[in-house]
1. Is it possible to state the helix-based mean residue ellipticity at 222 nm for the chain, with each DSSP H run of 4+ residues giving -39500 (n - 2.57), the sum divided by total residues, to the nearest 500 deg cm²/dmol? What is it?
2. Quick check: residue separation of SER40 and GLN55 times 0.36 nm, minus the Cα distance between them. What number comes out in nm?
3. Length gain on complete extension for the stretch THR48 to THR10, per 0.36 nm per residue less the alpha carbon to alpha carbon distance?
4. Taking the chain as the reference, fit the longest principal axis to its C-alpha atoms, fit the long axis of helix 11-22 to the helix C-alpha atoms, and give the angle between the two in degrees, 0 to 90, nearest 10.
5. Do any chymotrypsin sites (Phe, Trp or Tyr not before Pro) in the chain lie in a loop, going by DSSP, with at most 13 other beta-carbon atoms within 10 Å of their beta carbon, and if so which?
6. So, for the chain, what is the accessible surface per residue at a probe of 1.4 Å, expressed in square angstrom?
7. First compute the accessible area of the chain with a 1.4 Å probe, then give the percent of it belonging to carbon and sulfur atoms.
Amino acid sequence: MKNRPRIYYTDSQKALMWERWRKGESLQHIAQLFDRNHSSIQRILAETGGISPAQRCRSR
């Protein structure tokens, strides 16, 4: 297994992950989009218990 540099996913990339997850795609298929292992995608989804977080809105 080769070591890769750490990647920080943008909000749009995370939204794509959640969209694919809701459609029922596997972690492996989602990870292939980003050329990563499924465990890196699993970490993002597991942070909120598999439920997509509400969109953030800043107060004035």
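1. Details: 3 runs with 28 residues, N = 60.
Counting only the DSSP helices, I get -13500 deg cm²/dmol.
2. On the way: separation 15, 0.36 × 15 = 5.40 nm, distance 2.15 nm.
Extra length available between SER40 and GLN55 comes to 3.3 nm.
3. 12.0 nm is the gain from fully extending THR48 to THR10.
4. For helix 11-22, the angle is close to 80 degrees.
5. Details: sites: TYR8, TYR9, TRP18, TRP21, PHE34; in loops: TYR8, TYR9, PHE34.
Counting only loop positions with at most 13 other Cβ atoms within 10 Å, the chymotrypsin sites (Phe, Trp or Tyr not before Pro) in the chain are TYR8.
6. Solvent-accessible surface per residue comes out at 87 Å².
7. Ligands and nucleic acids excluded, carbon and sulfur reach 49 percent.
The values are calculated or read from the model by the stated rules, or taken from the named source; none is laboratory data. Quick caveat: nothing in here was measured; it's all calculated off a predicted structure. Neighbour counts are summed over all protein chains in view; Cβ atoms, including those assigned to glycine, are modelled from backbone coordinates with ideal geometry. These accessible areas exclude ligands, DNA and RNA; they are computed on the full protein's heavy atoms, side chains included. Shrake-Rupley method; radii C 1.70, N 1.55, O 1.52, S 1.80 Å.
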